[in-house]
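One structure is given here, and the rest of the page talks about it.
The values are calculated or read from the model by the stated rules, or taken from the named source; none is laboratory data. The structure displayed is predicted, hence computed values, not measured ones. Ideal geometry is used to build each Cβ from the backbone, glycine not excepted, and the neighbour counts take in all protein chains shown. Ligands, DNA and RNA are stripped out before the accessible areas are found, and what is left, the full protein with its side chains, is counted by its heavy atoms. Shrake-Rupley method; radii C 1.70, N 1.55, O 1.52, S 1.80 Å.
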Amino acid sequence: MSLEKANRLLAKHKYEQAFRAYVAHAEKCPTDAAVAYARAGKCCQHFNVLKSQKKVSAEATLIFQSDRDAARTMFSKSLEHDPNLVEALIGLADALPRSSEKRLEMMLRALSIQPHYMTLINVGDFYRSVQRDLKRALEFYQQAVTNRPLDRTAYDRLEQLCHRLERPEEAKRWKANGKRQRRANRAMTNRSNI
């Protein structure tokens, strides 16, 4: 089974078929094993391991839970073949518990190879929520703004963080910058729809 065929199955959301195709390809073609195992891990993130709905509180019922164990296994196999494959580093980080130090390590390794907007946001979130290191969180959110200046997520995080750091003027600037970027995004979208 070729990598291209497996990619087509993944694109069609045929995750179990794509998973089998990626694993078979990895075993047949060791030069593509890192990418194939990483994509197999991505498929595992879409497997629903719940046999039935699970009540988690009076207001909430869990209807989907990905196979994180299988995903971790596939991403780890990928990294055995290529320890610097960003796709596998980010995938493994996503499959690890949110407060895991190894998760932070994987995200930082991925960023050292290739800056990635959502990974910058996730590292900032980790420093903010898990380690309570607001200044480090601020640094990563600022890098995210530099990496993708038109996305509002980092602006919103920076505004909130500056309020927590008791820097109201800086929070106002981030809020204003975020609004300006949202208007610019809408204008660009409107022009492209004409």
Query raised in the report: Got a sec? Which of GLN181, GLN143 is in contact with a helix residue (DSSP H, G or I) (Cβ under 7 Å, 6 or more places away or on another chain), farther than 22 Å from GLY91 by Cβ and touching a residue at least 24 places away in the same chain (Cβ under 8 Å)?
Result: GLN181
Query raised in the report: Which residues, counting only those in region 90-100, are open to solvent by less than 10 Å² (accessible area, probe 1.4 Å) and over 12 Å from ASN122 (Cβ atoms)?
Result: GLY91, LEU92, ALA95
Report summary line: Residue hits (region 77-129; of a type in the set (Val, Ile, Thr) and in contact with a Leu (Cβ under 7 Å, 6 or more places away or on another chain)) are THR119, VAL123
Report task. Answer yes or no as to whether LEU108 is surrounded by fewer than 17 Cβ atoms within 10 Å (Cβ to Cβ) and either among the basic types (Lys, Arg) or not in a loop (DSSP other than H, G, I, E, B) (or both). Result -> yes
Query raised in the report: Do you know which residues across region 157-169 are touching a residue at least 12 places away in the same chain (Cβ under 8 Å) and over 17 Å from the mean Cα position of the chain (by Cα)?
Result: LEU158, GLU159, LEU161, CYS162, ARG164, LEU165
Report task. Pairs only if they're at least six apart or on different chains, beta carbon under 9 angstrom, first in region 43-58 and closer than 20 Å to ALA21 by Cα and surrounded by 10 or more Cβ atoms within 10 Å (Cβ to Cβ), second at pLDDT below 65 and of a type in the set (A, V, I, L, M); list them, first residue then second. Result -> ASN48/ILE63
**Report entry** Subset of region 2-13 that is open to solvent by 90 Å² or more (accessible area, probe 1.4 Å) and either part of a loop (DSSP other than H, G, I, E, B) or polar (S, T, N, Q) (or both) - its residue that is nearest to ASP67 (Cα to Cα)
**Finding:** HIS13
Requested in this report: Look through region 163-194, keep the residues that are aliphatic (A, V, I, L, M) and open to solvent by less than 100 Å² (accessible area, probe 1.4 Å), and return whichever of them is nearest to LEU138 (Cα to Cα).
Outcome: LEU165
Query raised in the report: Taking GLU139, is it over 23 Å from MET107 (Cβ atoms) and at pLDDT 95 or above?
Result: no
Report task. For region 26-33, state whether one or more residues are assigned to a helix (DSSP H, G or I), among the hydroxyl-bearing types (Ser, Thr, Tyr) and in contact with a Leu (Cβ under 9 Å, 6 or more places away or on another chain). Result -> no
Query raised in the report: Out of curiosity, is ALA154 aliphatic (A, V, I, L, M), in a helix (DSSP H, G or I), closer than 29 Å to VAL23 by Cα and in contact (Cβ under 8 Å) with a residue 24 or more places away in the chain?
Result: no
Requested in this report: Of the conditions (1) crowded, with 20+ Cβ neighbours inside 10 Å; (2) within 30 Å of CYS43 (Cα to Cα), SER129 clears all except one; give me its number.
Outcome: (1)
